[in-house]
Amino acid sequence: MNFNQGAQTYKPENALKRAEELIAQEQPTRALNALHDVISNRKYRVWQACLEDIMLKHIELCLDLRKGKHARDGLIQYRAICQQVNVGSLEKVIHHFLDQAESRAQKAQVSSEDMASSLAIQDLEAEGETMEEAPETLMMRAVSGETTKDRTDREILMPWIKFLWESYRTALDVTRTNPKLETIYHDTAKKAFSFCQRYQRKVEFRRLCELVRLHHLTNFKFANPEQRATLLSNADSFNRFMETRFKQLQVATHLDMWQEAYKSIEDIHGIITFFKKTPPAKQSIEYFDKLMKVFWVAQNFLFHAYACVKFHNYAMLSYAGGKSGKKDPEEAQIVASKVLLSILCVPFWERQNSSRQKDELFVFNMNREKNMKITTLLGSSTIPTRGSLLMDLQNRKITEQVYPELQGLYELMEVDFDPLNLCHKIPAITAFMAEKPQLKPYTEFLQRVAAVRMVEQVCKVYDTMKVEELCKLCPYYTFAELEPLLVKVAKSGYPGINVAISHQTGTITFTDTQMSTDTLSGELALLNRRLEPVINQCVSAVCPPKKRTALPPQYFQVLARQLEVERSAILERKRVIEERKEKQEQMEMDKAREMDIEEVKKQEDLKAAEMRRMQEEAAQREVLRRKQQEQEEAENQSRALFSEIVTQKGASHLKKAVKVDESIIKDQDRLVEEAKKLITNAREERDKRLKEELKRLDYFERACREEERPMLQKLWQQKVEQEKEASAKNFESSRATHRAAWEHGIAEKKRLSKMKPYWDKFRKKVLAQRRGGEESEEEEEEVEEEAEEEVVQEEPEVETKPAEPEKPKVAAWVPRHQRQ
């Protein structure tokens, strides 16, 4: 991307100096473009020390002008220059970039707060409570619903927060692909999470989590075997990944974004599975602590209790592995008490294998898959139950580690059968729990479970009861509060409670038609254990023991034969039952397998649909981003065109229009039309000015011609007279010269005529020798020719007059535009 096309490109040694000069001339944009051209120039792809100074200056200018795109492009170009040679230089530049952006955002926040406080006060001389807000502030708040701080934050703080967010994203994109930049990548990610926590940016936090998750998945997916092996063997990489994810988890819980917190926990578990390493005990404790909070907010009490058990185990291990080997008794009691209360608060009436859900196999399988996934996050392979958690509670003797006020709670809720006094003992326990902030959230749910347990026990004793009597057994609930709870328990299909409420008679009828075989056998066994000592005492008192008499031998023979027959019948019955059970189990397994296959197929369809949806959303975001980029480029071009137009003559009306409506700057078509109009007006004005100038020159030329005509005629007359005089003088001088030459020739002829006879004689002699007869004829002809020449020389000269010079013609005046 070239931000400064056609501009001069400087060498790295001179670019920084030139940028300083432009900054001194208050031209930071040109300075930024000059530095950017140097960084993006392909000639300078070898790292130099001066390039680092150029990049630092480039970053400062981007911060001053808030140009995030220039900073992003510059960092990408600089990464290509130094990632193989000097990674530390790139780290220094990115740290400088982020530190400066954070400091600017903090300054903007302080400035926004100061401005908000100053604008909100009307009278600066008022003191104490007499300070009041300005009437304008009150009116704005009444109309828009915004306070002064909201408006100042939107005007001053929000631009810098947006720039800081773009800076974090730029740093993450620049450093995500190079393993050498892994440290700065994780540092930047943690800074970005802290940014979301500091400014309460929930939307940006969700986008940041998706971005980091996408980067990690991409790096793991496209890494070659060598890089994967190096990554798996590097303990520092594992620690950095875990620190980043735990920071993400902390911010998610701080912002109350529990869905993102759950996804962060899944990411942490995925990293542990990928690296096949166990995190330190401190991180494991924090991991299960966050799981406890997530499940508590989701009101998944079963897995909350299981997470509490895991948290207790790791806490005990950390206490045992400490340097001092000691633990804080108060903290240990709190952890153990939370485990006890969390298990007891699990609703025992919510069972997945209840009679109402036996036919709902699809819903059951969905819940099972969900529970199996959650169980995997907790580091287990079997889904926990309330009974297994209670058994674990007894085996680990956690009830002995809780507060003394809570040590009898387990026996009260799970062992003792005392429906008349059960709920009367709960208020004292909840009062103690309310004094402990860590235990106070369990108060409401413990009361609910105790109320349901009391109704279950009452259902085994009574057939009908008055509503008032039932409310007396539960003093902390009114009937209006107890009735929805009983309805909810009845809807869950729990077999231990079956009630019919008659509002007309004010009674509650308890039915026990759905008692299971296990429940009945348990009650009968309990009754047998309670009645056995009483029966023994009664029998011993009424019938004293007698001496036993020996039985006849035939009795034993008959008994042996009968036992063998009964044994065979029992074995046959057991075989038939086993066959039926195997057939039933096989049918259920086949049906469950088919449902699992359908569920897997449906899950794959859902994943494919979700992937398509994500791809479509990504494509839409890309289209929107390109559209916004095109709009920004068009707006920048419009602003540049506007700045060029307003500098031209005749654009004052456009300046006035912009003051009224600033949207004119963004209307590129209108600006182009205005530019065309200005060009057309300038051309017409120039043509008009040229025509006027030509007309003025024509008039001036005509006037000059009219004024110079008599002067030219006068000059012509003078020239004619001068030429006549000169011609007469030349004629006289030439005549005298010719006369003198003629007279001289005549005199020479007379002087030489004396030698003519001798010359003729000599000539004849020579000619006679050379040519013979022909020479005589030629000689005669020559004699005749000489005679003729003498006659011509003796003719008188004829006088000739000098020719007069030709008079010049004066052309008539013609206008310039009519001349050819």
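The values are calculated or read from the model by the stated rules, or taken from the named source; none is laboratory data. Given the structure is predicted, the values throughout are model-derived calculations rather than measurements. Because the Cβ atoms are built from the backbone with ideal geometry, glycine has one as well, and the counts that use them run over all protein chains shown. The accessibility values were calculated without ligands, DNA or RNA, using every heavy atom of the protein model including side chains. Shrake-Rupley method; radii C 1.70, N 1.55, O 1.52, S 1.80 Å.
Listed by first and then second residue, the pairs linking a residue in region 681-707 that is free of Cβ contacts under 8 Å to residues at least 60 places away in the same chain to a residue that is small (Gly, Ala, Ser), with Cβ atoms under 9 Å apart and 6 or more places separating them unless they lie on different chains, are 681/650; 682/650; 685/650. Note on region 27-59: among residues that are open to solvent by 80 Å² or more (accessible area, probe 1.4 Å) and at pLDDT below 75, the one that is nearest to the chain's Cα centre (by Cα) is 42. Among the conditions (1) aliphatic (A, V, I, L, M); (2) at pLDDT below 80; (3) exposed (fewer than 14 other Cβ atoms within 10 Å of the Cβ), residue 24 misses just one, which is (2). For region 607-634, name all the residues that are open to solvent by 90 Å² or more (accessible area, probe 1.4 Å) and either touching a His at 6+ places or on another chain (Cβ under 7 Å) or of a type in the set (A, V, I, L, M, F, W, C) (or both). Those that are open to solvent by 90 Å² or more (accessible area, probe 1.4 Å) and either touching a His at 6+ places or on another chain (Cβ under 7 Å) or of a type in the set (A, V, I, L, M, F, W, C) (or both): 611, 614, 623, 624. Regarding residue 686, is this residue over 30 Å from residue 636 (Cβ atoms) and either at pLDDT below 90 or surrounded by fewer than 10 Cβ atoms within 10 Å (Cβ to Cβ) (or both)? Yes. Considering region 433-482, and only residues there that are hydroxyl-bearing (Ser, Thr, Tyr) and assigned to a loop (DSSP other than H, G, I, E, B), the residue that is surrounded by the most Cβ atoms within 10 Å (Cβ to Cβ) turns out to be 477.
Any residue in region 740-751 that is under 19 Å from residue 786 (Cα atoms) sitting within a Cβ distance under 9 Å of a residue that is open to solvent by less than 90 Å² (accessible area, probe 1.4 Å) and not hydrophobic (A, V, I, L, M, F, W, C)? List the pairs, counting only those 6 or more apart or interchain. That search, which allows pairs on different chains as well, returns 749/790. Counting only helices (runs of 4 or more DSSP H) that sit completely within region 162-265, those holding 3 or more residues that are crowded, with 17+ Cβ neighbours inside 10 Å correspond to 182-199, 202-222, 235-254. Within region 317-326, the presence of a residue that is modelled with pLDDT of 85 or more, open to solvent by 70 Å² or more (accessible area, probe 1.4 Å) and in a loop (DSSP other than H, G, I, E, B) is excluded.
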